[in-house]
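Shown next, in structure tokens, is the structure this report addresses.
The values are calculated or read from the model by the stated rules, or taken from the named source; none is laboratory data. Not measured: the values here are computed from a predicted model. Neighbour counts run over all protein chains shown; Cβ positions are idealised from the backbone, glycine included. We work out accessible area using only protein heavy atoms, side chains counted, and drop any ligands, DNA or RNA first. Shrake-Rupley method; radii C 1.70, N 1.55, O 1.52, S 1.80 Å.
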Amino acid sequence: MENSLQPTPTTSAGSTEHYDVIIIGAGVTGLYQLYRLRQMGLKVRVLEEGTGVGGTWYWNRYPGARFDSESYTYGYSFSKELLQEWDWKEHFSGQPETERYLNFVADKFGLRDYIQFNTRVLGATFDEGANCWDIRTADGSHVRAQFLVAAVGILSAHYMPDFKGVETFKGESFHTARWPKKSPDLAGKRVGVIGTGATAVQLITEIAKEVGHLTVFQRTANYCAPLRNGTIDAETQKKIKASYPEIFRRTRETTAAFIHDFDARAFFALTAEERNARFEELWAQPGFAKWLGNFREIMTDPKANEIYAEFVRNKIRERVKDPVVAEKLVPKDHPFGAKRIPLESGYYEAFNRDNVTLVDIKADPIERITAKGVKTRGGEYEFDVIIYATGFDAVTGAVTRLDIRGEGGQSIKDRWAKGPRSFLGIQTAGFPNLFLAVPASFCNVPRCSEMIVEWIGDCIGYMREKGYARIAVTPEAEEKWVKHSAELATHSFLTRTDTPGGSWFVGANIPGKAHVPLLYANSAPNYRKECAEVAGKGYEGFTLK
Ligand SMILES: Cc1cc2nc3c(=O)[nH]c(=O)nc-3n(C[C@H](O)[C@H](O)[C@H](O)COP(=O)(O)OP(=O)(O)OC[C@H]3O[C@@H](n4cnc5c(N)ncnc54)[C@H](O)[C@@H]3O)c2cc1C
């Protein structure tokens, strides 16, 4: 198992540390991977760009940032003690509480000592002779490790559009995914928000109440649905804690590992009244019930989708006083669920306020950012603050921004130029001993990320036990998986690339990005089963040496 170390450029201290495993990222996934591998007695280090743990919940500090997952379905399930010790304060926790939770986990399990913060990984090169990775960081240091786990997140590479003149703006500007720790004072200011995705919907609702004037630049109207959040009282807290086994049993069975699951009844076998009654019932429930608890056919059949889409459109119309503004906020160019459904707590009412203006940038496109604000074709808007709520180079972005070089010096960026290629989403051919702990399936993320982390831990354990030093997916297994994923993707609006107004689910939000399904469109139980079967057959589809 020992690797013969080759000389490499050294750290400033003069030597190159060697680890069993380097993990990139200290978010939900990286933290649990660290815990798991430390439990196995391995020498592990996490390299994290931020100055604290939490990943998504460290970076996204914008006002209003919170879960769309029920808090108690999102927390880690691996420790009964942790489940009993932690009290979620709200049904859908806000960013500050979630960041506190992940810090609590890091402290409880003594993880912090193994994390190197403030450390951006630039790239890694596979040393084929030594079967190990040489990892470079932004400060010019190198470390080596037999295994590299990229727990870099599906929504961590934030995207800044290439507007002309961004640097000329004289006021303050922020990207929501790089929100300062000391939140800027927006009270009374003229603020422009670019974007109306899930983040913007949370942000706009929150800041509309305090800013002087808010101008929202909307490219695509979304189907936003009420979150219906609330605080958790002592009685409910007790019930939640007593029902964790039941909660996690349920999330192991449902399609997307939420507590909600699709209604399998045939949509058109019910009368319009029956369907409508069900829509209303779901609409009154918290969270993603109105999406993931809805009729399955809504995600697959254009006619069923349109009926529900019109129900949602009417819900929006009911809430916006000015019919012209309402029509701008009503999505008409894509099916319900083809983009992520933002959950909201008063978003539409924000547009009833006198201090909020909506600009449709499809009709009046942004031409440039100026010293004073935003210039559209129709005029110039002056701001003290511009907020870019422009999302992420999702799923693949944080991986392809790394200069990872595998066998023969090939880069993952080139290899994935036409879209991601992997087996199980966990390894890509030509990059031995590199595990992608990027939970790229349609899933309540921690539920799938726990599964992937455990799979990787078990795999490394298996290799140690059998004396293998290298694991690489075969090109055949990868090709089969790529085809299988592509076929599954055609079944749902979520991942179909021919759906109008496609979303980050298919790379459509980033100019020049390959327009392909990025999320594995199988159900979470099937995905878990597929991963378990591969492991159960001695890692079939991989070559172990
Ligand atoms: C605003 C928002 C709300 C969300 N709400 C939900 C929700 O309700 N339910 C849900 O299931 N999911 C939600 N998500 C998705 C969320 O990303 C996941 O739930 C989860 O937090 C991902 O954890 P992770 O550890 O896999 O990745 P991340 O949390 O993204 O962590 C990745 C870490 O890797 C680090 N990193 C990346 N590249 C490098 C590098 N080159 N060098 C060093 N460090 C690097 C990053 O700094 C980051 O800390 C939400 C996402 C956002 C942005």
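Among residues that are within 30 Å of Thr231 (Cβ to Cβ), near the ligand (Cβ under 7 Å from one of its atoms), touching a Ser or Thr at 6+ places or on another chain (Cβ under 7 Å) and not basic (Lys, Arg), Thr119 is not included.
When residues in the stretch 81-127 are screened for being open to solvent by less than 30 Å² (accessible area, probe 1.4 Å), assigned to a helix (DSSP H, G or I) and of a type outside the set (Asp, Glu), 8 of them pass. Filtered by the rule that a residue be open to solvent by 20 Å² or more (accessible area, probe 1.4 Å) and closer than 17 Å to Ala150 by Cα, the stretch 29-80 gives Tyr35, Arg36, Arg38, Lys43, Arg45, Glu49, Thr56.
For the stretch 234-259, a residue qualifies if it is surrounded by 15 or more Cβ atoms within 10 Å (Cβ to Cβ) and either part of a loop (DSSP other than H, G, I, E, B) or at pLDDT below 95 (or both), and the qualifying residues are Thr254, Thr255, Ala256, Ala257, Phe258, Ile259. Condition first: modelled with pLDDT of 95 or more, part of a helix (DSSP H, G or I), charged (D, E, K, R) and buried (at least 20 other Cβ atoms within 10 Å of the Cβ). Can you find one or more residues in the stretch 276-294 that meet it? For the stretch 276-294, residues modelled with pLDDT of 95 or more, part of a helix (DSSP H, G or I), charged (D, E, K, R) and buried (at least 20 other Cβ atoms within 10 Å of the Cβ): present.
Every residue, every condition in (1) among the aliphatic types (A, V, I, L, M); (2) within 8 Å of the ligand (Cβ to nearest atom); (3) part of a loop (DSSP other than H, G, I, E, B), yes or no:
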site	(1), (2), (3)
Leu31	yes, yes, no
Leu34	yes, no, no
Arg45	no, no, no
Arg61	no, no, yes
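Is it the case that the stretch 525-532 has a residue that's more than 26 Å from the chain's Cα centre (by Cα), open to solvent by less than 20 Å² (accessible area, probe 1.4 Å) and at pLDDT 90 or above? Checked against the condition, which is being more than 26 Å from the chain's Cα centre (by Cα), open to solvent by less than 20 Å² (accessible area, probe 1.4 Å) and at pLDDT 90 or above, the stretch 525-532 yields no hits at all.
Of all the criteria given as (1) over 30 Å from Asn444 (Cβ atoms); (2) hydrophobic (A, V, I, L, M, F, W, C); (3) touching a residue at least 60 places away in the same chain (Cβ under 8 Å); (4) open to solvent by less than 10 Å² (accessible area, probe 1.4 Å), the one not satisfied by Ile361 is (4).
Residues that are open to solvent by less than 20 Å² (accessible area, probe 1.4 Å) and more than 14 Å from the ligand (Cβ to nearest atom) number at least 2 in the following strands (runs of 3 or more DSSP E) confined to the stretch 378-474: 385-388, 471-473. Only one entry of Thr176, Thr205 meets the criterion of being of a type in the set (Ser, Thr, Tyr) and closer than 28 Å to Thr29 by Cα, and that entry is Thr176.
Taking the criterion of being more than 9 Å from the ligand (Cβ to nearest atom) and surrounded by fewer than 17 Cβ atoms within 10 Å (Cβ to Cβ), the residues of the stretch 128-141 that qualify are Glu128, Gly129, Asp139, Gly140.
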